[in-house]
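The values are calculated or read from the model by the stated rules, or taken from the named source; none is laboratory data. Keep in mind the model is a prediction, meaning the values are calculated, not measured. Here the Cβ positions follow ideal geometry from the backbone for every residue, glycine too, while neighbour counts run over all protein chains shown.
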Ligand SMILES: *Cc1c(COP(=O)(O)O)cnc(C)c1O
C-alpha cells in the first residue's frame with residue numbers, strides 16, 4: 001500500500017523513479033471466515049492478462065528474460081510492466097515453462113513458504129531486480145531499498161561495477177553505498193529478516209567468490225558482530241552497512257530504530273546513529289471520497305489536487321460551512337452502512353448461514369450512529385481485541401441510548417494463530433452481545449474495503465503496543481476524509497496528536513507487563529468513549545449539528561492533511577536523500593569512476609590507518625574549579641595524534657552536554673574544532689581549538705573525538721570509525 005502511494009506521489013511530482021517488485025500469481029491470500037469465525041484462506045490465481053499489466057518484450061517480440069542462480073540452477077524470470085501515472089513499475093515473475101516446477105512457484109505468494117523460499121524470493125527481488133533494470137537499459141543513479149527484503153540489491157550493484165570497471169569489492173561497495181538509500185519500516189522482529197549462516201553460505205558461496213569475499217567476510221556484511229560465527233545474517237544490517245542514507249518512518253520510529261541498531265555503529269552515541277526519520281504519508285487523492293473532493297474543490301480550490309502540501313490551502317478547511325461538511329460526511333457514513341450490509345449478506349450466504357441471520361444482516365448497523373472503524377492486519381501487537389477486555393462495559397457502551405457501532409476488517413497472517421484467534425474472539429463477542437447489529441466484521445480486507453471505511457467512519461481506532469507501530473497510515477486516510485483518530489501515541493500519531501485534532505490513548509507510556517497495559521489502556525478507551533467522544537458526537541444544537549465535533553474535523557483536516565500527504569514524503573526523500581545521493585553518484589562516476597576510485601581508496605586508507613589515531617590531552621582554557629555562567633565563552637584545546645593521515649581527512653570535534661546520573665554525557669552535541677598548528681609533542685601531533693558558549697545550566701561534561709572527513713562522504717558515522725579521547 002505504502003509503496004504504491006509512493007509511486008503515485010512520485011508520478012505527481014515528476015520524480016524520475018521506477019519501482020521494482022515481484023508479481024505474485026496468488027497475491028496475498030483471500031480471506032473468509034467459517035461458521036466459528038475462524039479465518040480460512042483461499043489462493044485464487046490472478047490472471048495477469050486481464051490486468052493492466054504488459055509483458056516486456058525485446059525488438060523481436062520475445063519476452064525479456066533475466067536469470068539468477070539458485071544453488072547452481074539458472075532460474076529465469078520475465079518482467080511485467082505497470083504504468084502508475086507516469087511512473088514505471090516492473091514486476092518479476094518466474095512462472096514460466098523454462099523453469100523447474102518448484103522455481104515456477106517462487107513468485108506464487110507474498111509471505112508464503114519457509115525461510116528457504118524467502119531467501120530465494122529476496123535473491124530474485126534484489127539481484128534479479130537490478131538485472132531486470134539492466135536488461136531494460138535502465139541505469140539507476142540512486143537505489144532505494146524499501147525495507148531490508150531487497151538488500152541483496154546492494155551486492156549486485158557492487159558486482160556490476162566490479163565486472164564493468166575491474167574494481168575490487170571494497171571499491172565498488174564504497175562507491176555504490178554513496179547512492180544507496182535504505183528505509184526500515186518496522187521494529188517488529190518478523191519484519192526484519194534473519195537467515196541461518198549455513199543457508200546464506202549455501203546460496204551465496206559462488207556469488208561471494210565473484211565479489212572476492214571469504215565466507216566470513218561475506219557473512220559479516222549481515223552481522224552486528226562480525227566475529228560471531230553463530231550470528232544470523234540480517235537483511236536490515238546488510239542494508240544499513242551498504243547505504244549512506246537510512247531512515248525510519250516516523251520520528252518515534254527513528255528513535256526506536258537508532259536504539260535497535262546502535263550496535264551496528266559501535267562507539268556512536270545513540271542519538272547520532274545515522275538513521276533518520278521521514279514520517280510516512282498517504283496519496284491523498286487516492287483515498288479521498290469523491291464527495292469530499294467536491295467540497296475541497298469548492299472551498300480550498302482545485303489546487304489541493306496538485307499541491308496537497310500547501311498548509312495555507314488546507315487552512316481554508318475552516319471556511320467549509322458546518323452544515324455542508326456534516327451533510328457530506330453523513331452521506332458517506334450511510335454509504336458505508338449500506339456497503340457493509342451488502343458485504344455481510346454475501347458473507348453469510350457464502351457460508352450457508354440460516355436465512356434469519358441473513359435477514360438480520362440486512363439491518364446491521366445504523367446510518368445515524370457514531371461509527372468507529374478498525375481495519376488493519378491482525379498482527380497481535382495491533383491489539384484488535386483490546387475493547388473486549390471488559391465485555392460487559394463494552395456491551396453497555398454499544399447498547400446505550402447514545403450508542404456506538406464498529407466495523408472491523410483485517411487479515412491475520414496464515415501462520416499466525418494468535419491473530420486468527422483475535423478475529424474469532426471478535427466474531428464470538430459480536431454474536432453474544434445484545435447489540436449484535438452494532439459490531440460487524442467484513443471479510444477480505446483490501447483497498448475497496450479500506451476506502452469505504454476511511455471515507456465513512458467518524459473515528460479511526462488504533463491500539464498498537466507502543467512503540468511497535470512504526471508509522472501507521474490508515475488513520476491518515478481517515479483524516480483526509482474528515483475522520484478523527486482515537487489512537488495510542490505511537491507512530492505518526494505521536495507527532496500528529498493535539499487535543500484539537502483527536503484523542504490520545506495514554507500519554508506515550510511503554511509497559512513491561514502486557515496484561516496491566518491492556519487493562520489500563522482498555523479502560524482509558526472506555527472512559528474516553530463514555531465521557532468525551534459520545535457526548536461530543538451526540539450533543540446537537542437545535543439545527544442537529546454536533547458543532548464541537550465538526551470544529552475538530554476542520555482543525556484535523558486543516559492541520560494534518562498537508563503534513564501527512566505522500567507528496568510531502570516524496571519531497572522529503574528527494575530533498576534529503578535522492579538528490580544529494582544522485583549528485584554524489586554522478587560525481588563519483590566521472591571519468592570512468594576516477595573520482596569514485598579515488599574516494600574508495602581514500603576510504604580504505606582511512607579504515608586501515610584509523611587505529612593509529614589517538615586523542616591526547618584535552619585542555620579547558622578556563623578555570624574549571626569555579627562556576628561557569630550561562631553566556632560565558634569557553635575555549636578548549638586538544639592535542640591529537642594523526643600519524644601520517646592528513647589533517648584534512650579528519651574531523652576533530654569537541655563533544656559536550658549535560659551529565660547523566662552515571663557521569664556520562666547524554667544527548668551531547670559535537671562542535672567542530674579548528675586546527676591551530678602542529679603540536680610540540682612531536683611528529684604527527686597537532687593542536688586543535690574551539691570556543692563555545694555555555695548555553696544551559698547544570699553539570700556538564702566534555703570530551704574530544706575524531707571522525708573521518710571527506711567531501712564525498714555523505715555519512716561520516718557510517719564507516720564506523722570514531723576515536724574518543
Ligand atoms: C492503508 C492500508 C494498509 C496499511 O495500513 P496501516 O495503518 O499503515 O497498517 C493495509 N491494508 C490496506 C488495504 C490499506 O488500505
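Rundown of residues vs (1) under 19 Å from residue 251 (Cα atoms); (2) within 13 Å of the ligand (Cβ to nearest atom), yes/no style:
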{"site": "449", "(1), (2)": "no, yes"}
{"site": "458", "(1), (2)": "no, no"}
{"site": "467", "(1), (2)": "yes, no"}
{"site": "492", "(1), (2)": "yes, yes"}
{"site": "500", "(1), (2)": "no, no"}
| residue 344 without any contact (Cβ under 8 Å) to a residue 24 or more places away in the chain and surrounded by 14 or more Cβ atoms within 10 Å (Cβ to Cβ) | no
The correct count of residues that are in contact with a helix residue (DSSP H, G or I) (Cβ under 8 Å, 6 or more places away or on another chain) and in a helix (DSSP H, G or I) in segment 535-550 is 6
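To keep it simple, each residue is scored yes or no on (1) within 11 Å of the ligand (Cβ to nearest atom); (2) over 16 Å from residue 408 (Cα atoms).
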| position | (1), (2) |
| --- | --- |
| 474 | yes, no |
| 478 | yes, no |
| 486 | no, no |
| 497 | no, yes |
State whether one or more residues within segment 71-86 are exposed (fewer than 15 other Cβ atoms within 10 Å of the Cβ), in contact with a strand residue (DSSP E or B) (Cβ under 7 Å, 6 or more places away or on another chain), under 27 Å from residue 449 (Cα atoms) and free of Cβ contacts under 8 Å to residues at least 40 places away in the same chain.
no
Restricted to segment 478-505 and to residues being part of a loop (DSSP other than H, G, I, E, B) and in contact with a helix residue (DSSP H, G or I) (Cβ under 6 Å, 6 or more places away or on another chain), the residue surrounded by the fewest Cβ atoms within 10 Å (Cβ to Cβ) is 500
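Identify, from the list 253, 271, 283, the residue that is within 16 Å of the ligand (Cβ to nearest atom), within 30 Å of residue 175 (Cβ to Cβ) and in contact (Cβ under 8 Å) with a residue 60 or more places away in the chain. Walk me through it before giving the result.
Details: 271 fails: within 16 Å of the ligand (Cβ to nearest atom); 283 fails: within 30 Å of residue 175 (Cβ to Cβ).
Just one listed residue meets the conditions, 253.
Take residue 532 and decide whether it is over 27 Å from residue 549 (Cα atoms), outside any strand (DSSP E or B) and more than 23 Å from the chain's Cα centre (by Cα).
Details: over 27 Å from residue 549 (Cα atoms): no; outside any strand (DSSP E or B): yes; more than 23 Å from the chain's Cα centre (by Cα): yes.
In short, no.
Can you confirm whether residue 558 is in contact (Cβ under 8 Å) with a residue 12 or more places away in the chain and either at positive phi or not assigned by TED's automatic domain parsing to the domain that holds residue 333 (or both)? Show your work before the answer.
Details: in contact (Cβ under 8 Å) with a residue 12 or more places away in the chain: yes; either at positive phi or not assigned by TED's automatic domain parsing to the domain that holds residue 333 (or both): no.
No, not satisfied.
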Conditions (1) assigned by TED's automatic domain parsing to the domain that holds residue 559; (2) more than 16 Å from the ligand (Cβ to nearest atom) -> residue 276 fails only (1)
Those residues of segment 674-712 that are without any contact (Cβ under 8 Å) to a residue 12 or more places away in the chain and closer than 30 Å to residue 238 by Cα come to a total of 1
For segment 437-455, pairs from a residue that is on the phi > 0 side of the Ramachandran plot to a residue that is modelled with pLDDT under 95 and within 11 Å of the ligand (Cβ to nearest atom), with Cβ under 7 Å and 6 or more apart or across chains, are none
Scanning segment 361-382 for residues that are surrounded by 20 or more Cβ atoms within 10 Å (Cβ to Cβ) and within 13 Å of the ligand (Cβ to nearest atom), the one farthest from the chain's Cα centre (by Cα) turns out to be 373
